[in-house]
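Taking it in order: structure first as structure tokens, then the write-up.
Here, each number is a calculation from the coordinates, and none is a lab measurement. What you see is a predicted model; the values in this text were computed from it and never measured. Cβ atoms come from the backbone with ideal geometry, glycine included; neighbour counts cover every protein chain shown.
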Amino acid sequence: MALVPQLRTRKLTIVAQDPGVRTNGRILTEEVDIPAEELAEGPHGYRVHVIDYDSSSRLLYKPLSYPRPTNGALVDPFTKPSNDVVLKDPQFHAQNVYAVVMRILARFEYALGRRVGWSFQGHQLKVAPHAFADANAFYSKRDEALLFGYFQGHRGTVFSCLSHDVVAHETTHALLDGLRERYIDPSSPDQAAFHEGFADVVALLSVFALRNVISAILDLDTSFSGDNGRGARGAKAAHGKLIALKYLTPAAMRESVLMRLAKEMGEEMSGVRGQPLRQSAKLAPSPDYLKKNEEFLEPHRRGEVLVAIMMNAFLHVWAERLEALGQVRPGYLDRGRVVEEGANAADYLLTMAIRALDYCMPVHMEFRDFVSALLTADHEIRPDDSKYNFRAHLRKSFRDYGVEPSAKGEASEPGLWHPPYGRLCTDRTHFESMQRDRDEVFRFIWENRKTLELYQGVYTRVLSVRPCLRIAPDDGFPLRETVAEYMQIAEFRAADLHKLGIKKPKDMPPETKVTLYGGGTLIFDEFGKLKFCVNNRLDHAKRQTGRLKHLWEYGYFNPGAAVRRQFFYIHRLRALNSRSYEKEEWS
Ligand SMILES: [Zn+2]
């Protein structure tokens, strides 16, 4: 009997954005590639278990089961589904959540060059596509689950499990929490905003990486005009196979592509996800939001600025790639190539954003640290940025919104993290075991505690050790790295903080107990040499003073204040679309 080769990927149909985005009345769907596996009923795979239980109606829907592969081929039971199937078949909903979650997981694993775990001990994330009758969707660490609600809209039932960006957003929370477990700790306004902003960045870039979505958005009537309102009303940006260049400047595309998609995403789902794309598309570049505006201390508003920065960079990269295309006729480009370049730009930026996580410190990160992480992670794998200027556009976009990188870098390549200063002792540690053994990494840290700027005499722990194999995008060249994180924890009386150079918040009683965290991420090359130590020192006087002042003013030290943020609570607040909840953030 001939052996049938096992496929590594399979195609499954998903809703490309959400049922609000349609072409000629038909809900836009897309077949996406995801890791192949023989699924149990659910679908129930090696990393995702769809359990379709509705706790509001106490109904357990029939699990979706896939036919056994014939000749190694895995069948998609929902190719080109009708609107009725998309909206009404709970089994399609089960496939949709399964495929979107697997796609995001695969993107993280590809970008980071290793397996990526969830934030909890188990291997399989539970996903409930019709979890409850409510306009909400959230990631629950306690339940090891993503829970998607449904509710009555103006035109029938609205299912949050059918919105690609909502499913991708929640999946990103579960992955980010696994990679950087301390990012939900109370810290700076930036860190509070990062979880939400980053989840939206991943969600939106993964939507823009779908060709059908970009294509549909370009086809939509640009009746508001692509040239700042001066052009002919009712003009179409795209004519058949051609598209006019004048609609393809970053400014025009912000008005057309971003605003149009935001509008198409529909009002009804805004109860679940807020309107991250619409809000961020409105934020024209300015350094004032983050520096001067009280409103942008609230985590969602601040997260929208991160989304605006990344989307702005996306449009500039896309426009630059289009400049390199030949004009089919004067003033017009080939539509298919425009779509292709947009999807590729989104996909590459998505990889960059995820890779940057490995180059971020494990505690107290700020947007400026994320910039240095983005630039350095990309520089390591793709030193030459001259083809599409991804890093140059990102640097400029962050600067336009008032965020300068934490690190100075070189004159030729600003913003990169520095290699560690000082001599490091590696004589007594074995790199072979340092690639997987936390005790070995701890020994390395201990022997080099002065060079690595550890605070002496406090609890120190290695959180993770992760070997990775990343693939360069242009030439497929492999880059081997090992990423290890450590953190330090110590408790002080407020009255003693001055011994570390830290100022206690005014009015804070001297006996108040204050816990300080510090920590770093170590990046080793394939020979065991430490390339970077991205750290936030426990006794970093300026950062700790600022952090304590912020938390004190926001009531974190009040009796009964919650220690950790709860995603369902945050999302509920977002759903209520309240602008006045900033003071309740930690309650
Ligand atoms: Zn969220």
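Converting phi to 3J(HN,Hα) with the Karplus coefficients 6.51, -1.76 and 1.60 and the offset θ = phi - 60°, region 35-48 yields x, 7, 7, 8, 8, 7, 4, x, x, 10, x, 6, 10, 9 Hz in sequence order, with x at every glycine or proline.
Once you keep just the Cα pairs under 8 angstrom separated by 6 or more residues, what percentage relative contact order results for region 199-400? Before the final figure, lay out each step's value.
Numbers: 223 pairs, mean separation 51.4, N = 202.
Averaging sequence separation for qualifying contacts and normalising by length gives 25 percent for region 199-400.
Near Ala472, the amide H atoms lying under 5 Å from its own belong to Phe477, Leu479; only residues 5 or more places off or on other chains count, and H is placed 1.01 Å from N.
For the chain, relative contact order (Cα pairs under 8 Å, six or more residues apart, normalised by length) works out to 12 percent. Taking the Cα atoms only, what angle lies between the long axis of helix 189-208 and the longest principal axis of the chain, rounded to 10 degrees? For 189-208 against the chain, the angle is about 30 degrees.
Near the amide H of Tyr332, within less than 5 Å, lie the amide hydrogens of Leu245, all on another chain or at least 5 residues away, with H placed in the peptide plane. Counting only residues at least eight positions apart within a chain, or on another chain, the aspartates and glutamates with an alpha carbon under 17 Å from that of Lys504 are Glu491, Asp496, Asp539, Glu553.
Could you order the peptides 268-276, 470-478 from most to least packed, using the average number of other C-beta atoms within 10 Å per residue?
Final packing ranking: 268-276, 470-478.
Find the centroid of the Cα atoms in region 276-346 and in region 122-154, then give the distance between the two in whole Å. Region 276-346 and region 122-154 have Cα centres spaced 30 Å from each other.
Coupling constants for region 211-218 follow from the phi torsions by the Karplus curve (6.51 cos²θ - 1.76 cosθ + 1.60, θ = phi - 60°), and in residue order they are 4, 4, 5, 4, 4, 5, 5, 5 Hz; glycine and proline get x. Check cross-link reach from Lys80 to the lysines: straight Cα distance under 18 Å, and skip same-chain residues fewer than eight apart. Candidates past the 8-residue exclusion: Lys11, Lys88.
For region 302-404, what relative contact order do you get, as a whole percent, if you take Cα pairs closer than 8 Å and at least 6 residues apart?
Relative contact order comes out at 34 percent.
How would region 431-540 be classified by its alpha-carbon gyration tensor: rounded, prolate or oblate, with rounded meaning a/c under 1.5 and the a/b versus b/c comparison settling the rest? It comes out prolate by the Cα gyration axes. Computed from phi, the 3J(HN,Hα) profile of region 439-452 under the Karplus parametrisation 6.51, -1.76, 1.60 (θ = phi - 60°) reads 5, 5, 5, 4, 4, 4, 5, 4, 5, 10, 4, 6, 4, 7 Hz, with x in place of Gly and Pro.
When each of Trp446, Trp417 is scored by the number of other beta-carbon atoms lying within 10 Å, the sequence from fewest to most is Trp446, Trp417.
Loop-resident GluC sites (Glu not before Pro) (DSSP state other than H, G, I, E or B) in region 341-431 with no more than 13 further Cβ atoms inside 10 Å of their Cβ: Glu410.
Give me the mean projected area, in nm² to one decimal, of the convex hull enclosing the Cα positions of the chain.
In nm², the orientation-averaged hull projection of the chain is 29.7.
Under 5 Å from the amide H of Arg466 lie the amide H atoms of Val483, Ala484, each residue being 5 or more positions distant or on a separate chain, with H modelled from the backbone and absent for Pro and chain starts. Straight-line cross-link reach from Lys450 at under 19 Å between alpha-carbon atoms covers these lysines, not counting any fewer than eight positions away in the same chain: Lys499, Lys529, Lys531. According to the square roots a ≥ b ≥ c of the eigenvalues of the Cα gyration tensor, what is the shape class of region 199-400, taking rounded for a/c under 1.5, prolate for a/b larger than b/c otherwise, and oblate for the remainder? Since a/c reaches 1.5 but b/c is at least a/b, the shape of region 199-400 is classed as oblate.
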